[in-house]
1. For A:K114, go through the lysines and keep the ones whose alpha-carbon is under 26 Å away, minus same-chain ones fewer than eight residues off.
2. Per residue of region A:57-74, in order, report the coupling 6.51 cos²θ - 1.76 cosθ + 1.60 (Karplus, θ = phi - 60°) as ³J(HN,Hα) in whole Hz, putting x for Gly and Pro.
3. In 5 Å bins starting at 0, how do the alpha-carbon pair distances of chain B split up by percent?
4. Pop the C-beta distance of A:D286 and A:K111 into the FRET formula with R0 = 35 Å and round what comes out to the nearest 0.05.
5. For A:T304, what is the net charge nearby, where nearby means another residue's Cβ is under 13 Å from its Cβ and Lys, Arg count +1, Asp, Glu -1?
6. Does anyone have the angle between helix A:175-192 and the longest principal axis of chain A? Alpha-carbon axes, 0 to 90°, nearest 10?
7. How many partner chain Cβ atoms sit within 10 Å of a residue's Cβ in peptide B:118-130, on average, as a whole number?
8. For B:S53 and A:K141, what is the calculated FRET efficiency with R₀ set at 45 Å and r taken between the beta-carbons, to the nearest 0.05?
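What follows draws every value from the coordinates through simple rules; no lab data is involved. What you see is a predicted model; the values in this text were computed from it and never measured. All Cβ positions, glycine included, derive from the backbone under ideal geometry; neighbour counts span all protein chains shown.
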Amino acid sequence: MAVEPKIRLDHVSKVYPGTDTPAVSELTLDIDPGEILVLVGPSGCGKSTTLRLINRMIEPTGGRIYLDGDDVTDVNPDQLRRRIGYVIQQIGLFPHQTIAENVATVPKMLKWEKKKISARVDELLDMVGLDPRVYGGRYPKELSGGQAQRVGVARALGADPSIMLMDEPFGAIDPITRESLQNEFLRLQDELRKTIVFVTHDIDEAIKMGDRIAILGKQSVVHQADTPERILAYPVDDFVRSFIGAGTAMKGLAFERVGDLDLAPFDGPNGNGESGAEPTGTITADATLYEALEEMLRTADGKTIVLDDSGEPAGVVELSHLSDALRTAQDEARRHYDELEAAS
Amino acid sequence: MDGLQSWWSYVVGHSDDVFEATLEHAQITVTVVILATVFSVALGIYVQSRPTSKAIALAISGIFLTIPALALFALFIPLVGPGNSPAMMALFLYAILPILRNTVTGLDEVSPAVVESARGMGMSPAQQLWRVRLPLAWPLIMTGVRISTLLTVGIAAIAILVGGGGLGVFIQGGLTRLGLPNSVESVWVGTVFTVVLGLALDAVLSLIQRLTSSRGLRA
Ligand SMILES: Nc1ncnc2c1ncn2[C@@H]1O[C@H](COP(=O)(O)OP(=O)(O)O)[C@@H](O)[C@H]1O
Ligand SMILES: [Mg+2]
């Protein structure tokens with residue numbers, strides 16, 4: 001028995017007034033509790049519209065929306081939104097309020113006690129890596145883009161909503177800061193286990209952030225919704241294949257760790273393997289296959305020594321390991337889709 | 001030097017009258033500006049999201065400003081009789097445009113992302129207005145109030161022509177006695193005190209503007 005989905009979109013449609021073609025057409029999608037589901041697709045395909053339908057920033061023109069099994073298509077939208085964190089690319093901090101006041105917005109609306117609010121604000125700022133004593137009294141204009149988006153995330157977490165909707169939250173941030181925000185956010189999510197719908201147009205961000213990815217085409221048609229591993233190993237159609245782009249198979253290597261392989265033996269520094277020379281590159285057992293490949297290419301050896309925790313050689317990873325791993329992933333994904341098809 | 005001395009002795013000699021006229025002038029101005037502020041801000045909030053109403057409201061309040069003051073003042077005499085009342089009604093119409101325009105512009109300039117996030121956190125339209133949009137538009141609204149105040153102080157000097165009071169009494173009195181002793185002094189008393197009153201009110205409003213605007217909005 002599958003768990004009840006946290007969010008269920010049931011044939012949801014949106015036709016904007018004054019337009020003929022729906023921006024979202026009959027979208028059906030389940031989002032499980034505690035997962036990050038990434039909506040990814042080309043610009044204009046309806047990702048933001050889909051996200052904004054979930055917290056009823058816009059009203060659906062068809063279909064039903066369920067949260068925790070309850071139909072929320074007709075409940076008071078303001079009440080609904082206080083239960084759902086919402087983070088947008090432009091952040092939208094209130095410039096006339098301090099950082100602490102910004103973060104306190106939803107708890108204040110919910111009429112929490114003053115002491116509880118200020119404790120919560122401190123906790124949230126700490127959580128996103130901003131010292132409340134330093135930043136609490138500042139105004140948004142006194143923050144960098146990365147800091148402002150941290151505050152945006154803290155503010156959305158204000159009343160501890162179980163659902164977060166994030167619309168290209170790191171899209172306007174420089175690549176280095178974005179990388180660290182992504183990492184910190186994933187670490188935070190490990191603790192918080194929120195149900196997150198995350199919109200991006202960047203497939204690499206989708207692969208990195210998503211427990212599952214839904215690849216959307218025009219009018220938010222779901223071409224494939226699955227784990228990043230499976231999508232990379234087995235794109236179901238040409239649209240998905242072209243959207244995830246070149247180097248797809250190699251990206252899949254990032255999901256497996258060297259330590260999980262059945263390594264070839266290491267013959268010692270002066271051993272004479274069949275290929276003549278022993279590899280010179282080294283990586284650790286927790287490295288990904290992708291990193292192993294990079295090392296092989298860098299040293300031009302076609303293989304790389306794997307070091308154990310104490311720094312001693314534990315074995316050798318070879319190119320054939322990588323192709324085997326890719327083939328296994330593809331076989332697994334194909335079998336999965338065959339079973340799905342057989343079941344339907 | 002002589003002029004200044006005779007002017008000053010005129011002020012000292014009529015200090016009670018000058019004080020009273022200044023007070024009345026201030027009362028007229030402050031009353032008009034308060035009423036115009038309440039009206040124009042409310043109207044601005046209403047029309048801001050309605051393009052047609054917005055254009056009409058701004059056009060009409062702009063037309064008010066082009067009507068010659070004396071004509072507009074006199075227009076109200078048949079309705080309420082002579083005195084300060086017709087003058088205040090006319091001044092009210094003049095004071096609308098700067099406040100209305102700045103209210104609309106101030107609300108227009110609120111970043112859509114800020115409103116989106118306010119809505120997204122579950123603020124009702126009223127909460128969005130009172131907690132976010134108005135506080136953000138406030139510095140600009142106050143600038144409009146200050147402009148209207150200066151405008152009103154100046155034009156209020158002709159209230160005397162429709163039977164009203166204020167510092168215009170000294171100007172009108174001096175002009176009708178031109179050539180007689182103290183007539184020029186009288187005109188200058190009316191003029192100088194009007195200007196000083198305007199500057200004083202503006203200074204007070206500037207302070208209020210500062211105290212009521214968020215530090216986060218200062219450049
Ligand atoms: N308020 C609106 N009114 C009319 N059309 C809209 C509106 N918002 C978005 N659209 C249209 O709906 C489609 C999907 O937009 P959007 O959901 O913003 O796409 P995405 O976020 O994937 O880039 C686009 O064709 C866009 O032009
Ligand atoms: Mg979008």
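1. In chain and number order, the partners are A:K141, A:K194.
2. Ordered by residue, 3J(HN,Hα) equals 5, 10, 8, x, 9, x, x, 10, 10, 10, 10, 6, x, 8, 6, 10, 5, 10 Hz.
3. All Cα pairs, binned at 5 Å, distribute as 1, 7, 13, 15, 15, 13, 11, 8, 6, 4, 3, 1, 1, 0, 0 percent.
4. Values: r = 48 Å, r/R0 = 1.36.
Computed FRET efficiency for A:D286 and A:K111 comes out at 0.15.
5. With Lys, Arg at +1 and Asp, Glu at -1, the neighbours total -4.
6. That works out to roughly 80 degrees.
7. 6
8. On the way: r = 33 Å, r/R0 = 0.74.
Efficiency computed from Cβ-Cβ geometry: 0.85.
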